[in-house]
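Note sheet for the following structure.
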Amino acid sequence: MSAPTPPYDRIPPEIVSLDDYEAFARGRMDPAAWAYLAGGAADELTLRANREAYGRIRLRPRVLGDFRGANTRVELFGRTFAHPLLVAPMAFHRLAHPQGEIATAFGAAALEAGMVVSMQASVALEEIAAATAGPKWFQLYLYAERSFTESLVRRAEAAGYEALVVTVDAPVHGVRNREQRAGFRLPAGVEPVNLREMPPLPVCESPFDPAYLATLPGWDSLAWLKSITRLPVLLKGVLCADDAARAVAEGLDGVIVSNHGGRTLDTLPAAIDALPRVAERVAGRVPVLCDGGIRRGTDVLKALALGADAVLLGRPVFHGLSVAGATGVAHVLKILRTELEVAMLLAGCPTIGTIDRRVLW
Ligand code: FNR
Ligand code: LAC
């Protein structure tokens, strides 16, 4: 595995969109690490669908609106965010940059973006939290065994994380053929450092091996988690309105509509296509967030119009990190935020609260 190319100290001026960042990042990362980052499950139909679905939605412009006091502020769990863009949890940022999640945290904080830190981060969760004052949430997977999870939750609470995000759509690694063909392995020096004390999961040929099945969490695991923490708990990886309704009924504090960036079960629908029914069922009782394929301010506007309270950005953050470290992450978020403002202005929406289905053609 080759080390990533050192980041630019000046952002190339021809980078003006998130896709430009992807094109620059592709040539800079090790090919196997790129396959891990960019790839999805199986034939990558869901990976592509996430983007194609946004492209099919048409916007409806409005002219000559009154925009005095216009802003992109949103409130989530009692905190006001300057805009509705958060960094999605992603493992191993050190694949893209020697400082890994620390650099990402600086970039996010510069743009006042919330950051969701992955349990599989390549830097200690305490160091990431301490690096900036920006708001951070902690993402984790649950297992039947609870004592390690409890210790992780206590660490996240002590470090100042403001919410827990439990990812439920990946109890098993997806069939990641691109990753397999590239022979991706973590390079020396990049590891999930927060999981050093975790009891190892059994190595099984089949996910139906009883030893593996014994590790899987259930709704009771979420009830338990709620019982041991006062932090809001969001469920990430919900596409089905029935699951979202159950989450609300179980007392969870938010849902994230996501197909894991097309990385788990191929041929799932695009996240944006699943969002409306989830949002309708949740009916404003808890925040609904959405991720997958968001690359344009117009995509953000569409997600908000179809019921999202905020959105998360995955791979483009990694691209920015690879190209120009913290500055690249900040620039990615800045591009998207400015595009969102342009789209809001042209669609006649001075505030996030005024965005609804009327912005759709
Ligand atoms: C992810 N994702 C993810 N999700 C999660 O809950 N925990 C994790 O550790 C990871 N790790 C991870 C690594 C990499 C390299 C990628 C690309 C993605 C999924 C992520 O949070 C998010 O759902 C998607 O990336 C969103 O789609 P886009 O924006 O990448 O299209
Ligand atoms: C992934 C795991 C880490 O998507 O969630 O690669």
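The values are calculated or read from the model by the stated rules, or taken from the named source; none is laboratory data. This is a predicted model, so every value here is computed, not measured. Ideal geometry is used to build each Cβ from the backbone, glycine not excepted, and the neighbour counts take in all protein chains shown.
Residues Thr104, Thr132, Thr149: which one is without any contact (Cβ under 8 Å) to a residue 40 or more places away in the chain and among the hydroxyl-bearing types (Ser, Thr, Tyr)? Give the derivation first.
On the way: Thr104 fails: without any contact (Cβ under 8 Å) to a residue 40 or more places away in the chain; Thr149 fails: without any contact (Cβ under 8 Å) to a residue 40 or more places away in the chain.
The unique qualifying residue is Thr132.
None of Ala270, Ala279, Ala303 is in contact with a Ser or Thr (Cβ under 9 Å, 6 or more places away or on another chain) and closer than 30 Å to Leu18 by Cα except Ala270. When the residues of segment 241-264 are filtered to those that are part of a loop (DSSP other than H, G, I, E, B) and away from ligand 1 (no atom under 16 Å from the Cβ), the one that is surrounded by the fewest Cβ atoms within 10 Å (Cβ to Cβ) is Gly251.
Residue-level analysis places Leu47 among those that are hydrophobic (A, V, I, L, M, F, W, C) and touching a residue at least 24 places away in the same chain (Cβ under 8 Å). Against the condition within 22 Å of the chain's Cα centre (by Cα), among the β-branched types (Val, Ile, Thr), part of a loop (DSSP other than H, G, I, E, B) and surrounded by 13 or more Cβ atoms within 10 Å (Cβ to Cβ), how does Thr5 come out, does it pass? Judged against the criteria, Thr5 is not a match.
Tell me the residue from Thr267, Thr327 that is polar (S, T, N, Q), away from ligand 1 (no atom under 14 Å from the Cβ), part of a loop (DSSP other than H, G, I, E, B) and at pLDDT 95 or above, please.
Details: Thr327 fails: part of a loop (DSSP other than H, G, I, E, B).
Of Thr267, Thr327, the one residue that is polar (S, T, N, Q), away from ligand 1 (no atom under 14 Å from the Cβ), part of a loop (DSSP other than H, G, I, E, B) and at pLDDT 95 or above is Thr267.
For first residues located in segment 255-268 and closer than 8 Å to Gly237 by Cβ and free of Cβ contacts under 8 Å to residues at least 60 places away in the same chain, partners that are part of a strand (DSSP E or B) and within 14 Å of ligand 2 (Cβ to nearest atom) and lie 6+ apart or on another chain with Cβ distances below 6 Å do not occur.
Name the residue, out of Lys302, Lys334, that is within 19 Å of the chain's Cα centre (by Cα), part of a helix (DSSP H, G or I) and surrounded by fewer than 24 Cβ atoms within 10 Å (Cβ to Cβ).
Numbers: Lys302 fails: surrounded by fewer than 24 Cβ atoms within 10 Å (Cβ to Cβ).
Just a single option satisfies the conditions, and that option is Lys334.
Consider only pairs whose beta carbons are under 7 Å apart and that are at least six residues apart or on different chains; among these, list those whose first residue lies in segment 1-30 and is over 18 Å from Ala103 (Cα atoms) and whose second residue is aromatic (Phe, Trp, Tyr) and crowded, with 19+ Cβ neighbours inside 10 Å. Close Cβ pairs satisfying both conditions: Pro12/Phe24; Ile15/Tyr21; Ile15/Phe24; Arg26/Trp34.
The number of residues in segment 12-31 that are buried (at least 19 other Cβ atoms within 10 Å of the Cβ) and not charged (D, E, K, R) comes to 6.
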